[in-house]
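*Asks:* I am attaching a structure below and will ask some questions about it afterwards.
The values are calculated or read from the model by the stated rules, or taken from the named source; none is laboratory data. Bear in mind the structure is a predicted one, so any value in this text is a computation, not a measurement. Counting neighbours? That spans all protein chains shown, and the Cβs are built from the backbone with ideal geometry, glycine included. The area values use the complete protein model at the heavy-atom level, side chains included, leaving out ligands, DNA and RNA. Shrake-Rupley method; radii C 1.70, N 1.55, O 1.52, S 1.80 Å.
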Amino acid sequence: MASLPPRHFWRRFGAYAIDIVIFQIVFVLLFLALSVVTSRDLTLPFLQKQQCAETTSGSLIPKIEAEWPLQSGEVRSNQLCRISWLGSEGYTIFVSKVASQHGKTTSVRSVAVPVDKKGDPVDPSVVTRPTSSIVLLLLPVIFAFCSAGTRRTPGKRLLSLRVKTLEDFPLPLGLATKREIFKFLPLMLIAIVDLASLLLARPLSQPIEQLIQQARDLNLLSTSGVFALTGALTPMLFVFALIWWVYPLVVWRGQTFYDRFCDTKVVRD
């Protein structure tokens, strides 16, 4: 019986880590530059600064209290949260939360509305921030470009790895793209779910009263319900990622799932 090719587990892991760090730095610099020249928040989440403070005034508070009266055992808190990045002016969000106790479980429902300096509602699109999802969707394209032909990603070059076809030929761009899409499939699914939640939760055309009603009467079609649903999908996608990436390398049979689908292999070169 022919021996299986080496899995290069640690070399693969090291190359992937190096590539992710390098490409993440590139994306950070790119989005920071775009945020400087535009008024929109195009930074990645970990670069943001958020400061929240309790507030008892504002035009939204009477409206929310009228549309969302408290029930027995419920407690409401109102905050103004200032979100900025690298000293920019950023934007302000009014957040009203209602907490209730059910046995040992505390549930929190909230409604968030972007406001101006006076506390009046403004265009909700200022808080739309799909940059993380865009990065995840662009990663396969960048990795494919760096892996096609005789090229290699920085990590694979440093750790002497190369992706080839089973016949030992370089990868054409189309095959390299297919392989990277399959390789990053769990991350792409996360990005697609995130973008879908932003589209389904579109608050732009909804009046304030409807946003308050959706937060008050939680359901899967409401804004809060959509995010609750996507939050429930996250653990499932995590398990899928472990099976997709780790299982083939632990139970080694010569190829990962994505290499098997694309008739490719990773060799030391």
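*Asks:* What number of residues within the range 1-28 are in a helix (DSSP H, G or I), farther than 12 Å from Leu159 by Cα and modelled with pLDDT of 80 or more?
*Replies:* Residues meeting the conditions: 8.
*Asks:* Considering Arg260, Arg157, Arg179, which residue is at pLDDT 90 or above, in contact with a Cys (Cβ under 7 Å, 6 or more places away or on another chain) and assigned to a helix (DSSP H, G or I)?
*Replies:* The match here is Arg179.
*Asks:* From the set of residues in the range 39-62 that are within 23 Å of Pro207 (Cβ to Cβ) and exposed (fewer than 15 other Cβ atoms within 10 Å of the Cβ), which is modelled with the highest pLDDT?
*Replies:* Taking the candidates together, the pick is Pro62.
*Asks:* With respect to Phe145, determine if the residue is touching a helix residue (DSSP H, G or I) at 6+ places or on another chain (Cβ under 8 Å) and among the aromatic types (Phe, Trp, Tyr).
*Replies:* When the stated conditions are applied, Phe145 passes them.
*Asks:* Residues that are closer than 19 Å to Leu4 by Cα, open to solvent by 30 Å² or more (accessible area, probe 1.4 Å), at pLDDT below 95 and of a type in the set (D, E, K, R): does the range 189-211 have at least one?
*Replies:* The answer is no; no qualifying residue exists.
*Asks:* Are any residues in the range 102-122 charged (D, E, K, R) and either open to solvent by less than 50 Å² (accessible area, probe 1.4 Å) or touching a strand residue (DSSP E or B) at 6+ places or on another chain (Cβ under 7 Å) (or both), and if so, which ones?
*Replies:* Scanning the range 102-122 gives a single hit, Arg109.
*Asks:* Related question: For residues that are under 14 Å from Val266 (Cβ atoms), touching a residue at least 40 places away in the same chain (Cβ under 8 Å) and out of contact with any Ser or Thr (no Cβ under 7 Å at 6 or more places or on another chain), scanning just the range 146-163, find the one that is surrounded by the fewest Cβ atoms within 10 Å (Cβ to Cβ).
*Replies:* Checking each candidate, the answer is Ser160.
*Asks:* Let me ask something additional. What residue, of Ser84, Ser96, is modelled with pLDDT under 80 and open to solvent by less than 30 Å² (accessible area, probe 1.4 Å)?
*Replies:* Of the residues listed, the single one that is modelled with pLDDT under 80 and open to solvent by less than 30 Å² (accessible area, probe 1.4 Å) is Ser84.
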